[in-house]
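The values are calculated or read from the model by the stated rules, or taken from the named source; none is laboratory data. Keep in mind that this is a model prediction, so the values were computed, not measured. Here the Cβ positions follow ideal geometry from the backbone for every residue, glycine too, while neighbour counts run over all protein chains shown. Quick note on the areas: whole protein, heavy atoms, side chains included, nothing else; ligands and nucleic acids left out. Shrake-Rupley method; radii C 1.70, N 1.55, O 1.52, S 1.80 Å.
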Amino acid sequence: MSSNWMKVFNYDLVAGQAAKDRLSRRLFGYDVEARTIEIGRPQIDIEFQAPYTFDESRKTVLYAPTWEGGRTSMRYGSVASHGLTMVSSLLADRRFRVIYRPHPRTGILLPQHRAADLRIRELIDVATASDPSAGHLVDDTPFGWQLKAADVMITDISAVAYDWLTTAKPLIVTQPIEPSAVVDQGSFIGDLRLVTADEAHRIPEMADRALSDPEQIGRMRRWCAYYYGDTTPGASMTRFINAIERMIEERDGWVFQDHDVADELAAIGPVAV
């Protein structure tokens, strides 16, 4: 994002170079180097306990579509246009396990999305009943563990794509069928070949290629580094803590450089909050 509201704050904590470049392009009179601190994405250094265990006999595909959106310019959801075909194709291929995680607002506005969501759930139930060991899943658990458990994610133009980018693992993004839906060509999603609805039946082939193609794997790693910097375990949380400590130190230094202020605080004594 970019907003003039960022000028209100002494510092803005940003994920990485991508954010700084975006702010430089869009905010007038804003000193990006002086006012921003890169912290990566500290959430990735929190250990999320998976409620399920999966064997490694299959590749795990996380399909996490967004909803249909409140206006046509944000109508990115693929459940009705792509989802049913993609999930059917993946369930028919024994190389893959499907974790289906729809947006909780799916189908709230458009009945075709609601119908497609229900049908996908039914297909997964049938596949699970016929082969419980496959581990197919309709998932509504807290988000976080899926990033580690899945090998590849399929999603739409959605914030969850940026969550997944922290893993640098293969990503497949759908092309919205709504002509007025906005696709930001300046983001990393603009660098991906989006999957059209007509290609949805080829998703096993696309997932297989995404998992093995060195060029695609390298592209995701480059984008991950550009957006988040160093994502090795602990690096983001360390940068976040260092940024907080730096700001506390600078604030304390500013307060106590005026001896009158220091004397006043000392006279007040401890304050219970």
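Counting Lys +1, Arg +1, Asp -1, Glu -1, what net charge surrounds Thr174 among other residues with beta carbon under 10 Å of its beta carbon? Before the final figure, lay out each step's value.
Details: positive: none; negative: Asp156, Glu199.
Around Thr174, the charge tally is -2.
What percentage of the solvent-accessible surface of segment 39-185, computed with a 1.4 Å probe over protein heavy atoms, is contributed by carbon and sulfur atoms?
Values: 3730 of 6870 Å².
Of all accessible area on segment 39-185, carbon and sulfur atoms account for 54 percent.
Semi-axes of the equivalent ellipsoid of segment 1-129: what are they in whole Å, largest first, if each equals the square root of 5 times a C-alpha gyration tensor eigenvalue?
Details: eigenvalues 302, 91, 27 Å².
Taking √(5λ) for each eigenvalue gives 39, 21, 12 Å, largest first.
For the chain, state the average projected area of the convex hull of the C-alpha atoms over all orientations, rounded to one decimal in nm².
Values: hull surface 74.3 nm².
Dividing the Cα hull surface by four gives the mean projection, 18.6 nm².
How large is the accessible surface per residue of the chain, computed with a 1.4 Å probe and reported in Å² as a whole number?
Details: 14970 Å² over 273 residues.
Per residue, the chain has 55 Å² of solvent-accessible surface.
What range in the chain is the longest one free of GluC sites (Glu not before Pro) that are in a loop by DSSP and have at most 10 other Cβ atoms within 10 angstrom? Before the final figure, lay out the partial values.
Working: sites that count: Glu47, Glu56.
Excluding the exposed sites themselves, the longest stretch runs over 57-273.
Work out the length of the dipole vector of the chain about its Cα centre, built from +1 on the beta-carbon of each Lys and Arg and -1 on the beta-carbon of each Asp and Glu, and round it to the nearest 20 debye. Present the calculation step by step, with values, prior to reporting the outcome.
On the way: 30 positive and 38 negative charges, 207 e Å.
In total the dipole reaches around 1000 debye.
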